[in-house]
Structures are given as C-alpha cells and as structure tokens.
Amino acid sequence: MTTATKTTTTHYKIANNLFLAHLVVDSHAKVAAKPVEVPTHHVFVIDCSGSMSGSLSQIREHIKSKLPKLLGDQDTVSMVWFSGRGEYGVLMEGEPANNAGGLATINKALDRWLRPVGATGFKEPLEEASKVITRLMSKKGPGAVSFFFLSDGCDNAWGRGEILKAVSALKSQVNAAAVVEYGYYADRSLLTDMATKMGGTHIFADGFSSYAPAMEGVMSRKATASGIGRVEVGVRDDVIGGFVFGKDGKDLVSFEVEKGVVSLPKGLNEVWYLSPTSDGTSRPFSDGVDQAKEAAYSALSLFALRGKPEVIYPILSVLGDVRLIDDFSGCFGKQKYTDFMAISKEAAFDPKARLVRGYDPKRVPAEDAFTVLDLLDILSGDDRNRVMVQSPAFRYNRIGRAQESASSRLTTAEVEEIDKINEDLAKKPSLAAAKKLQARLAEILDTKSEGLKFVPSEEGKEEGYSISNLTYNEDRPNVSFLVKMEGTVDLGDRVPEQYKSILGGPVFTFIHRNYTVIKDGMVNIETLPVKLAADSRAKLAKAIPDRLEDVPGSDVVLINLKGLPVVNRKMIKGASANALASLYYDLTKARAEQKVFKGYLDTHFPKKSQGYAALYGDEFATWLKEQGITDYGGFSPKTVAAAATDFYMAKELGVALKGLSTLPKVADVQAKKGKLTTAGSMMVTAVETCEKASKEEGFEAFLRQKAGESVTRTRSLLRQIARVKFAVIVGQVWFSEFKSIEENTLNFSAPDGLVIPVTFKMEEVRVDLLPNPVSRNPKGPLYAGAFGHLTV
C-alpha cells in the first residue's frame, strides 16, 4: 500500500547543467520506542542454466551452511529454479530454517534440484516467484519479503518488455530486492533495470568468492513492522537516468521514477538524484560537505554500472579524486566499468578510500593509457620473450567447449542401452538375470578406452614459449596466441603386439595450444608469467611499473593484466571508416600476394616429409595416424565437442569491400581464365613476378622470402584492423564519418583509382558457452547416465 508524503529537496551544483539533488522525506509516522521485528520471507530465484555448471555446487553448499546461522526464528525460505523456456519450478516454499525438519527439507531440495540445465529465460520464474509471495502472505500473515535474483546469462527466451512487466508485478510485493549479475557475460543492462524497477540493489559478482558475502548480506537483513509498506514521493520529471538512489546498509539501492513519482520503502527517509536543472536556489557542491561527497561517489558507481561517461566526467571534475580520474582513462567495456564501479562504491562508504592519490580538480583522464594490445605488441615483438603457460601463476580462463576423446565416447544407442539395463536392474531381477545384465554392461564399457594423454617436455616448462604468433579475430574483439609444445604420448596397451618391438617407449610429438588473451573485449588472463628480453623489460617497466612483479629466485616476471584497459580514448577518437576500409584493401593485396607465392612454393617445391614412416615404416605410421599422431600435425586425436546448453550474445563488426570477398585460384590467374574480379587482379603482378623469377637461380629462396614478407605484412595489417575494431566495439562508438549506426556505407577511393563500395555491419552473434555436466529429463528430476560428467 502506498501513501502520499511531503519532501524537502536541496540542490548542489556540479556543473552548469548538472545538479545533485538531496531529497528528504518528511515522515509523519510514529516510530515505536523499540522496533518490533517481523518475519522475513526470503525468496530466491536462481539461474540453473548450463553456464552455471561451474558454480552451482558451491552455491548449493553455501546456502545450506549459512541458512541456519543467518535466518531468524520466524524467517522462511522459498526458492525458484529456472533455465530456459518452460524450465522452471519451486524447489521449496515457506520452509523454516530454525529447526532440523525444515533444514532437512531445504537441503534435500537443494541437492536434488539446484543443478545446471538448459538455456536462460527470466519471465516465467519471475511470475512464479510472484505467485509464491502471494501464497506466503496468505498462509503466513504479515511479514517482509526479501527478494534475491541471480543469473549469469542473457535471456534467450523472452522479450525485454515481457520480463520487465513481470518485474513490475513484484515491485509492490517485495520490501527489499537484490539482483546479482554473476560473471561478465550476463545482461547487465536488463539486470540493472530489473533492480531499479523493484527498488533494489544491483550486485556484480565475478565468481563465487565475491558472490558469497553479497548473499550473506541479503540473508542477514532484518525487517521491522514500521518498515513494511511504501510511500509515494513526488520527484522532478527531468531526473537523469530515470532513477533516484540511496543506501541500504552496505548496498546502494536505486528506485525507478515513473511520471514524476517514485515509490520508496518506509524507513528510507532520504534519497539522491541527478538533474540538469535546479529549483533556482542551488548551493555550491562544497557546501554539501561529506554528505554530498558520499552521494557523488555513489552516483559515480551507479552511472558506471550504466556506462554513462557523459555523467561521470563532471562528477570526477568536482571531486578531483586523482585515483578515480586516472582509472577512468581506460574505462571502456564491461570489465573496466565494473572495476571503476567497485572503487567508486568503496569510496562512497569509506572516507579512507577517497583521494588516496591526492586531489586535483584540473586533472583529466589520459587519452593514451597503456592497453593490453600495447602489451601484446611488446611481448610478440621479440622471440626472446617467453610465456610460462605451465606455471601455476598462469591464471587463464578456459573458453572452449569441453572435448572428449572419440574413443571414450558412448554412442546414443549405447547410452540408451545402459539406461534400459539400469531400469531392468532396478526391477530386482533374478540372480541369473542380474548377472547377465551386468555382463552386458561390462561388455559395453570394456569397448571404451581412456583418452591418450600428452605430456609436455620439461624443457618447455622451464624455458616457456614464444607468443610471436598472435591471432586477431577479424570480426570480434578477440586476441589469442598459439604455442607449439613438444612432448610425448604414451600409447601404453594400445600398441598392437606386432608393433611393440618397433616402439621403445612413448612417442615424441608436439601439440598446438591456443590461449585467448582478450575474449569479446574482456581480458581473459589475470596473471601472465613471462621471461623478458632486456629491452622489453625496460619498455614495460616504464609503461606499467606497478604491474610487474619479480618471482624470487628466478628470472620470471609476473604481469598483472587485471584492470589493464583494452582500448584507450585516443584509439576511439581515431575510429575512421575510411581508414578501416584502406586497411582492408591493403590486407586483400597482401593476402593475394601470399596466396601466389605459397601456391608457387607448393607447386615447384613441395614439402617432402618422411617423419614417422622413415622411423617406423609405413604400416606403423598409418597406425599412429589412426591414434591421432602424425609427423606434420603432431598429436591431434579425434574428439567430440560436448553439446553447448547455453549461450550469450556478442558484438561482431563485419566489413565488406565489394569485389574483394574471395580470391581466385592461382592456376586460374595464370591461365587468365575469364574476367578477373578486383581481388583476382591483385594477384596478377605477383604471378608475373614469379614467372620472371622462375627463370633465374635461387627461385625457391626468392619464393620463401616473398612469402615470408607477405605473411609479416598480413599480420601487421590484421593487428592494425583489430585496434580499430576494438575501439568501435569495446568503446561503444561508431565511425566519425557517420552520424549514427544506421549509416554504414561509403565509397572508398583506392590508391589505384578504383572506387569501391564498403559496408560496415555491427550485429550480435550467438556464442555457445561451456556445457553443463548434467541434463534434466522431462520425465524425472535428474538424468546423468553413465559418463554424464565431462572432464573439462
């Protein structure tokens, strides 16, 4: 129920068109001498999509251990699980946590149902939570409702409007709300809007360690009778961002303003907001003393959450906090905004976290902040720089889907047969029948072998690996490096009897490993242990001295990548469509030359590799190939990728130059078959050069030199293209030549006089996430089956 109330508002000037408003509620309610506690009904809505597979077991055990310690005698727990469309349900409803029976029921439900499955859909579980609250109020009587929603993904089942409509229904039912954005791939914008619409707090947790204290803080909240209910407060209709904010314990809470009215919980007697105008009697910001400063730091955190630099800049200027100003220099993309949001919030609650690097109101964020891309340029520029990928200090987040050896994989038919055997065994058959069923089960499993294991050489562990081979994704802001590890594979009992005399031990081979440094604009490696060449060390010591740490007793240096920006403002200001088109034109030329020189090498000087055939004979080399081992490809056994059960949406920027999409075959250019495309014409000069050089001595050396030069040129251009695309995607800007993202075509004037139409297309693409280890059977609670858990 809501009631109208009076307020008093004071405005503090931040800039000519920005004011910080302090709204105080004039409460007329009588306050009891001693607050009377009422039951708190904790309602949890937990994401059980496949991408949560790595954390749900920890969350499950954490809830079980903390509930009896944090909940009051009259408090209850309700929990709704959800994954994709139609996949949701009530785990428990109104269960008390203050007695053994209630705890046993809660723990049993958690163990049985709180497990990963499916995709992600918010609407239905939110609606179900509303029904649970309605039933609780009917059965339990008056009490407060503390609502907790957690997700790590994007809703891929319902529209935004439908979801927020479901949230609106909850708004009048809950007294406190917390919405947890779990990890960097959740839909921050939607989750933020959900928290604001309910009048709650948005919590970011990058993993379980940061989630746990947030969860405990929510569970420990106590409500009083005087705090139940809401009051409607009139607010200006020009509130920036459409929300007001305040503090609730150690959390920042925000409330949506609708048609000049905000609904606030009773007991919250003051809030703040930003406005482009004042009531004509504003005060200087300095008059607000600590109270206004607290609110300004809070505003920094909340507008960083929403990615609003135009609001953040003037607040930084009036605060003059050097640390925050410097940290905002590279504030692009979700990771950096998250870090900035955290330190701003810390400063809002703790005066000791303010001005830790001093005060300078004239300071402005640097435009050329050192980036991860700059770091990679230095590391890849000298082959003496070595990355210690097998060091315990190498903090890497695996991004690929789980792989299983094909030889150890159960077929669909075998899984179905095993299920049937288990069903028959559950029917308590006769001893003879049971033995027969078990024998068949053993027969199936005996046909499966353990996957072969690659063991890296000790030399590689000690010396590390070069990362000169960087790979830049042409469409998404991804960068990875490829290393070639030498080592052995022990074939063990697999070796047929006739070959055992040939092989004296493990096979010496190699394997390629790809490590993603930046994934969709976010840093994917926290700590990089390296051995540095002297000049590289000097460059890094000058650029990022506080991020280098020597490992005692070794020549290894740890580089802390966490918080290092991916792009800077200088890169963003230089985002030009014409410049990018020119780079793509040059890239096509470099690839055209590379294709010609490589084609001539393959034709005139093909590689002659004896390898394992020379060592062991053709027959055994063929058998090794069947095991996934060749002299040219190293160790690459047949694998099957585990099916992805969840996904997120990532930004992709495609660039298409008309007539330059594909290159013809070298043979067709040599034969001058048909009319050549623009791309094909770029190969003509290289073909003529090769034909002329073929008549001279040293033709092979010439081709290898030219091929190497074209590869170097290609890599350089890909690096330059990546920097522009990173600036656009991560910096969330569009090209300077265009007025809006809807404008995306131009005619590029090439150096050779050609005018080429170019299209720039920004779109969202689906990216599959790691699989869940268990799937849910529509006919029963859980289905795992034999080998249900995949080794990642």
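The values are calculated or read from the model by the stated rules, or taken from the named source; none is laboratory data. All values reported here derive from a predicted model rather than from experimental measurement. Backbone-built Cβ (ideal geometry, glycine too); neighbour counts: all protein chains shown. The protein model used for the area step is the full one, side chains on, heavy atoms only, and it has no ligands, DNA or RNA in it. Shrake-Rupley method; radii C 1.70, N 1.55, O 1.52, S 1.80 Å.
If you take all other residues with their beta carbon under 12 Å from the beta carbon of Val364, and give Lys and Arg +1 and Asp and Glu -1, the sum is 0.
Legend: calculated FRET efficiency, Asn744 to Ser189, from the Cβ-Cβ distance at R0 = 22 Å, rounded to 0.05, equals 0.45. Find out how many positive minus negative residues lie around Gly634, taking Lys and Arg as positive, Asp and Glu as negative, among other residues whose Cβ is under 13 Å from that of Gly634. Computed value for this residue: +1. State the percentage of accessible surface on the chain attributable to carbon and sulfur atoms; use a 1.4 Å probe and exclude ligands, DNA and RNA. Carbon-and-sulfur percentage of accessible area, whole number: 51.
Residues Ser636, Ser83 ordered from highest to lowest accessible area at a 1.4 Å probe: Ser636, Ser83. Which entries in Lys658/Lys706; Lys69/Lys336; Lys570/Lys739 show an alpha-carbon gap greater than 31 Å? Cα-Cα > 31 Å for Lys69/Lys336; rest within. A simple rule links phi to the HN-Hα coupling: the Karplus curve 6.51 cos²θ - 1.76 cosθ + 1.60 with θ = phi - 60°, which for region 719-734 gives 5, 5, 4, 4, 4, 5, 5, 4, 4, 6, 6, 6, x, 6, 10, 10 Hz, with x for Gly and Pro. Rolling a 1.4 angstrom probe over the protein heavy atoms with all chains in place gives the chain an accessible area of 48 Å² per residue. Computed from Cα positions, the angle between helix 100-113 and the longest principal axis of the chain comes to roughly 30 degrees.
Taking a Cβ cut-off of under 15 Å around Ser282, the surrounding Lys, Arg, Asp and Glu residues balance to a net charge of 0, with basic ones at +1 and acidic ones at -1. For the pair Leu425 and Ala212 in one chain, pulling the backbone fully straight at 0.36 nm per residue adds 72.5 nm over the alpha carbon distance.
For Leu491, the residues whose modelled amide H falls within less than 5 Å of its own, excluding neighbours fewer than 5 places apart on the same chain, are Val507. Under 5 Å between amide hydrogens, built in the peptide plane, is the criterion, and for Phe748 it picks out Ile756, Val758 among residues at least 5 positions away or on other chains.
Taking the C-alpha atoms only, the angle from helix 534-543 to the longest principal axis of the chain is near 20 degrees. Quick check: from the Cα gyration tensor, does region 657-714 come out rounded (a/c under 1.5), prolate or oblate? It comes out oblate by the Cα gyration axes. Cross-link partners of Lys250 among lysines, defined as those whose alpha carbon lies under 16 angstrom from its own and excluding same-chain residues fewer than eight positions apart: Lys222, Lys345, Lys352. Given R0 = 51 Å, the distance between the Cβ atoms of Lys108 and Gln390 translates into a calculated FRET efficiency of 0.75. Axis angle, to the nearest 10 degrees, between helix 208-219 and the longest C-alpha principal axis of the chain: 10 degrees. The separation of region 269-302 from region 728-765, counted between C-alpha centres, amounts to 41 Å. The computed Cα Rg over 2.2 N^0.38 Å for the structure shown corresponds, within (1) 1.13; (2) 0.96; (3) 1.09, to (1). Using the average count of surrounding beta-carbon atoms within 10 Å as a protection proxy, the listed peptides 189-197, 315-323, 649-657 rank, highest first, as 189-197, 315-323, 649-657. Here's the list of lysines a cross-link from Lys500 could span, going by alpha-carbon distance under 17 Å and ignoring same-chain residues fewer than 8 apart: Lys625. The modelled label-to-label distance between Val356 and Lys692, using points 7 Å beyond Cα along the C-beta direction, is 6.4 nm.
Please label the shape of region 537-669 as rounded, prolate or oblate, based on the square roots a ≥ b ≥ c of the eigenvalues of the alpha-carbon gyration tensor (a/c under 1.5 means rounded; beyond that, a/b larger than b/c means prolate, else oblate). Cα axes put region 537-669 in the oblate bin.
Along the positive direction of the dipole of the chain (beta-carbon charges: Lys, Arg +1; Asp, Glu -1; about the Cα centre), which of Leu441, Phe738, Gly628 reaches farthest? In the chain, that residue is Phe738.
When peptides 131-144, 207-220 are ranked by their average number of other Cβ atoms within 10 Å per residue, the highest-first order is 207-220, 131-144.
Placing +1 on the Cβ of every Lys and Arg and -1 on the Cβ of every Asp and Glu, with no other charges, gives the chain a dipole of roughly 860 debye about its Cα centre. For Gly307, no residue whose modelled amide H falls within less than 5 Å of its own remains once neighbours fewer than 5 places apart on the same chain are excluded. A straight Cα-to-Cα reach below 17 Å connects Lys171 with the lysines Lys123, Lys131, Lys197, Lys259, Lys266, residues fewer than 8 places away in its own chain not being considered. In the chain, helices alone account for a calculated mean residue ellipticity at 222 nm of -11500 deg cm²/dmol, with every DSSP H run of four or more residues adding -39,500 (n - 2.57).
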